[in-house]
1. What Kirkwood radius, in Å to one decimal, follows from the Cα pairs of the stretch A:423-505?
2. Express the C-alpha Rg of the stretch B:62-205 as a ratio against the empirical globular expectation 2.2 N^0.38 Å, rounded to two decimals.
3. So, by mean Cβ neighbours within 10 angstrom, what's the order for B:306-313, A:959-966, A:428-435, A:866-873 with the highest one leading?
4. Quick one: A:477, B:82, fewest Cβ neighbours within 10 Å first, how do they rank?
5. Pull out a ≥ b ≥ c, the square roots of the eigenvalues of the alpha-carbon gyration tensor of the stretch A:906-999, then state rounded if a/c is under 1.5, prolate if not and a/b is larger than b/c, and oblate in the remaining case.
6. Per the helix-only calculation at 222 nm, which mean residue ellipticity applies to chain B, given -39500 (n - 2.57) for every DSSP H run of n ≥ 4 and division by its residues, nearest 500 deg cm²/dmol?
7. In a solvent-free Debye calculation with one equal scatterer on each Cα, what is log10 I(q)/I(0) for chain A at q = 0.06 Å⁻¹, listed in the order of the q values?
8. Over the whole of A:995-1008, what's the average partner chain Cβ count within 10 Å per residue? Rounded to a whole number, please.
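Bear in mind that the values in this text are calculations on the coordinates, not laboratory data. Quick caveat, the model's predicted, so the values are computed rather than measured. A quick note on method: Cβ atoms are made from the backbone with ideal geometry, for glycine too, and the neighbour counts reach across all protein chains shown.
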């Protein structure tokens, strides 16, 4: 009932009175119901069985085109005006409405189904002191419900108690914000004490007062009143609908917001409706056409007035005027009559056909096996079916890095220990061997605790370690000790690491496999298995990582009392702190580091140092003082750290590969060849981003310069940007050249376009988030845009989601170019929504990006197929369609215009009314549809071979206002031919037996046949790719025309529907004359040959890239694709401490909060989410939990 | 999207590998190449030339004579008389003479022509009731509103056939006379039947069922169109089967012309007897015209057309000339294309990158 009521409230436009505060009492349904809060049923469907027809029709008539046709239909009902029978408009309109209604109904049925499925999920609810199973939709605000592990959270709940210590629960919020790490929620101690006692819970009489429903996921404010005592509530105590409970046996919660009031539903508001460039152009053109239509009608109305005065007035003997009609009124009426006759210029079928074409092309994307990723069974998906052709016009791509370009998998690839390089394989002649998936892996089976997924190919390292080489052992001991990873051992021997950064996870896993297994930790100790022997180190201090230090150290005491400091960090930082004895080793290691950096690996340098007992004692004392000091704590600690981290002994270096997704460099190269600019916007650190820039070929050694903008004031940012610009283009003007123009409907929209500036050579630009914040200010944004657009490659690092969107908006605003944003995480949602086209990488964890995207697929490399093949085809098809469609309708309509001069401007039509009804709907719709679904100028392989084919789309070359005007001139010519040739041929002519052929009906059937033949010939000329379907539709439509015509003009039809089919016998009597066929032949020649000649001549004089490729395609077979060359470069650039690391985890792992009551079930949620945008930018953490879950599920099935 | 498939397993969602779904349908992709386009143009030019010449010869083999009698000779009196509507009832006859200097060989067709008469005005064309003229009895006395303003007369008696088209039927009549070389005047025999399309005569126009009644009885309760002198069942006094809605002159008139200048078949030379067995011999002819149809108000003209026919129809030079012009245009285009190809595109040199 409630939903019905609210539904009618909605209908009447009356919202419920604005809720100002929510007041909920636990276990008191009567009290809560008095407020009329929404229950937990959701309704995303729009209609029900009774409201469908009126509401859907109402919706449909809000579309301009449909409303226009309704208006025409009404005009046709006025007999003085009606120049055409009502059915010429009614039949197409009804068909269009019916088709749309069927589609809408189908969509709504699906929504009903999914609503029902969600609403009927079961949950345990505490009712009358008992736990009962209830459907979700029956849950009311104020109910207490019990959730179990892996259940979806039913509604927005106040967490009361949980099975876990400290009343913690762990939730996964992937559905909500896309972050895949577990988050911790903690109940109030007061409510936590109730635990799972049903009795206490059902007597719980707490009252919650809180904010009204809203869509802010990160904020909650309220108070809980129990026994007159107030307790504050914040976001930490709220479980939101859409989350999943993980690793928590059970928990109890109090429903605060249900169904439509939940934050999830409040967030799933209507997404901005995206329209393509062509849509906008089409709107403008339709307005033009309206203007043109009314001009034509106006001219004809004036003509009518003149005719009526001069001739009509004397013809009244034979045709008296209606009462009260004079020349003026008659011309006014004829204006409207011509509006009806000429209505085909604004064809109703245009919009429907455009939708069909887009839908078809979307299906082709869904069906493409070459965009299907077998590893996780993910096909590509066109989630928005109305944007296809814009894929062929992309000029700028904004890409996320982590998870999009890279797999977010770190692998320990190489290392240098004591001056010896490990990780490369050499053949007998000493050449480096390419490592592929088939290369034999090192066998770690001797180590029972080894991670089976770890792969390493160089045997010598393992041998070195097992031989007992002290440096190698120290190296791995360091890796096993110096980190902030949390272990998880659910079963004996089944270790899982929860790493804060994937790099650390990779390093600790490497140590684990090489025999130094990190087993468990407490705040004071770290236990590792050293070559099968259990050793427990005492953890004396963690010298945590931060951005300035760029290193991390631990100080541990071996059971034998020896104390050691282990340190890992960026090479430059560690090198400054090494003992002088390491000089020689440093040199060798540096060579190795250069080599690693050249391969695009992330490097770290490891060092250690033994500590003296008494020094350590004294240091510990000072450390304690410093860390408890009230003033200057940070500085004092830093000083202490600085003091102890020196004279280190170099151990070696590690190289971790941030694995790129397959084919990323090749894809980027292809896109660059297609003149698409790729900007990487990442939340990662500058070094990481730069590194990836090199490894995926965006930044190259042969670039003239890579500018780095990392300033802290607006002035500095400006200077750096200007410096970069002047370096690239010294002669560029101080002021950007901005072209101002107006566009859009009625020219209301002001546009400013910054012109591109020519730059010699390639440059790169790296800008960090801090500088970007200044650069995006009003006064600097143009400076940023100019500089950035001069560069081949732009990388923005450390950017917030909001900034990502701002960058996209900036380019959209001043470049008027089509943009595409691609990403996989929740932090990319803003830019995916902002860009013209949003692409989500699916198959990863977290669906937020995919849910808000327009297209989704599993791998970045599919982007080139989406753009270069599907996008290009869609664009070409759509352009061809529009051009042809306007051509055929204009030609059709112009004939009426010419005829007006012969029929006294009386709004007499040239054709039979049935031809007018069926022309767009039956005779000419299918051939052009099949063309715009199947046409290919060149096939996909050639499209890849010549990415330049993509460029014309970016420049709007195939369809524009100019093309439209050409199209009109073309139709004007065709209609002249099509009207005056039959006119001349039929005028004063008779049949071969002397009978009439110059009558109106014969002329009409001749003219319409000529028209149909000519537009079909034009279609054949436009078709580049003749499949059987095309043949079938083209010839089938012509055949259908003759079949239908002869049927409608037959005796039988006349005798049954006498006044509807007055053309009886016309086809038989006029089309059997050679005269008629000679006329048809001549009109076809005159209409088609000039087009052929023009195309041929243009192809000779100025062949387009398409012509060239097509010519090549005809001449030779496709050259074999070039072998995939490995991307390897010689580089002197070095990544710094390339960890995607943030500070503060050292404190966390040693804090009391993680005392483990039950060490076997120990778990840790790393993301104790601080609010603020940067926090959302944390890279995704290593999270084995989901994998396990996946495995267990798959093993079950 | 699409129908969910009942596949399971690791590749459950893999799209089908069909040529259709993968857009690999076998197809023919023709291209405009010099090898096809240039010969095609030359061939078409030649074809049009031949067609044009052939048609020209055909058309020129026909003979045609047009005679505007609107105010010719004695008809000028009638022309003046018809200016005034009040004399509409008064008959007027006149005579026009003409000379044929060359024998019209074969069948000769006699047409009457009108200039500047708009049979193609929308309201005029719509003003008819096909259901009435197809002989529906219900419609006979109850004509459709389409016939406005000629549905009923002032007294409310329905008009048959109703509507502006029928009302304005051309009602001049002609009798042709041939003056033999001996000075003897003999009538030229005309067939006044077989002037219409078969479908019109037999299907589109039918008389109401007569049963035992005469036609006049069937039409009782209706009246003739206002401008008519004779009722519809009495249009052809010589042949009772040519009366009512199936009167051929009515049917011919009811087939509205597409353009304001048109001619309509009046009769065919009956070649049964001498001296017309081979057509119209040369000599002097005269036409006795019963001059009824007023054209003066709308500045129209009336003519009589005599013509012989070929398979191509009457004497219309438009198509032959159009073909000849087209042929030369195509030739011109072909030459331009050849030059362009020779200069730019020979051996694919323009296609090189």
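1. Details: mean 1/r = 0.0663 Å⁻¹.
Across the stretch A:423-505, the inverse of the average 1/r is 15.1 Å.
2. On the way: Rg = 19.5 Å, N = 144, 2.2 N^0.38 = 14.5 Å.
Normalised Rg, Cα atoms only: 1.34.
3. Working: B:306-313: 19.9, A:959-966: 15.5, A:428-435: 9.0, A:866-873: 27.5.
Per-residue mean Cβ counts within 10 Å order the peptides as A:866-873, B:306-313, A:959-966, A:428-435.
4. Numbers: A:477 24, B:82 21.
Listed from fewest to most nearby Cβ atoms, that is B:82, A:477.
5. Working: a/c = 2.92, a/b = 2.45, b/c = 1.19.
Judged from the Cα gyration tensor, the stretch A:906-999 comes out prolate (a/c at least 1.5, a/b above b/c).
6. On the way: 9 runs with 87 residues, N = 353.
That calculation yields -7000 deg cm²/dmol at 222 nm.
7. Relative scattering, expressed as log10 I(q)/I(0), comes to -0.66.
8. On the way: counts 12, 15, 5, 11, 12, 9, 4, 4, 4, 1, 0, 1, 1, 0.
Mean partner shielding for this stretch: 6.
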